[in-house]
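The structure under discussion appears below in the form of structure tokens.
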Amino acid sequence: MAYATVDEYVTRTGGTPLLAAEAAKVGALLDDASALVDGKMPAGYHPPAGIARAVVIAMVIRRGNNPGGFRSRTIGEYSETLNADGGLYLTRDELDDLLSAYEQGGAYTVELDREFMGGG
């Protein structure tokens, strides 16, 4: 399950409604970003919802700002260096934010697998 919805993304990026195809693309990217976040979390740990939402939206915005993955571009005499590589990735600061409650010994929920535990 994604940590952010398309509506939350739209609200944080200017509030302009997306066409159906663009909304589907953003939804898929939010799902992908959420899966990448989950893959970096310790087993059983779920990051605070607000922080996870902010991080996955930032990841998708980065992806949208540089979809080609360019490091720099030059047009005539104009040259620009881009700080994002165009992929979905977590920065070190974002990972630290996501792990803040875990590293501080804060409370978190561990979901038990009923089938593993002998239940049904």
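The values are calculated or read from the model by the stated rules, or taken from the named source; none is laboratory data. Here the structure is a predicted model, which is why all the values come from computation and not from measurement. Cβ sites come from the backbone with ideal geometry, for glycine too, and all protein chains shown count toward neighbours. Accessible surface is based on the protein model in full, side chains and every heavy atom, while ligands, DNA and RNA are left aside. Shrake-Rupley method; radii C 1.70, N 1.55, O 1.52, S 1.80 Å.
Scan region 7-27 and give yes if some residue there is closer than 20 Å to residue 94 by Cα, modelled with pLDDT of 95 or more, open to solvent by less than 60 Å² (accessible area, probe 1.4 Å) and part of a loop (DSSP other than H, G, I, E, B), otherwise no.
The answer is no, given that none of the residues of region 7-27 is closer than 20 Å to residue 94 by Cα, modelled with pLDDT of 95 or more, open to solvent by less than 60 Å² (accessible area, probe 1.4 Å) and part of a loop (DSSP other than H, G, I, E, B).
Failed condition for residue 78, given (1) surrounded by fewer than 12 Cβ atoms within 10 Å (Cβ to Cβ); (2) of a type in the set (Ser, Thr, Tyr); (3) within 17 Å of residue 5 (Cα to Cα), with all others met?
(3)
If you go through region 28-60, how many residues are of a type outside the set (Lys, Arg), assigned to a helix (DSSP H, G or I) and surrounded by 12 or more Cβ atoms within 10 Å (Cβ to Cβ)? Even if it seems obvious, please write down each step before you answer.
First, the residues of region 28-60 that are of a type outside the set (Lys, Arg): 28-39, 41-52, 54-60.
When the remaining residues are screened for being assigned to a helix (DSSP H, G or I), the result is 28-39, 49-52, 54-60.
Still in the running and surrounded by 12 or more Cβ atoms within 10 Å (Cβ to Cβ): 28-38, 51-52, 54-60.
The total comes to 20.
Cβ-Cβ below 6 Å, separation at least six or inter-chain, first residue in region 71-84 and assigned to a loop (DSSP other than H, G, I, E, B), second modelled with pLDDT of 75 or more and surrounded by 10 or more Cβ atoms within 10 Å (Cβ to Cβ): which pairs?
84/62
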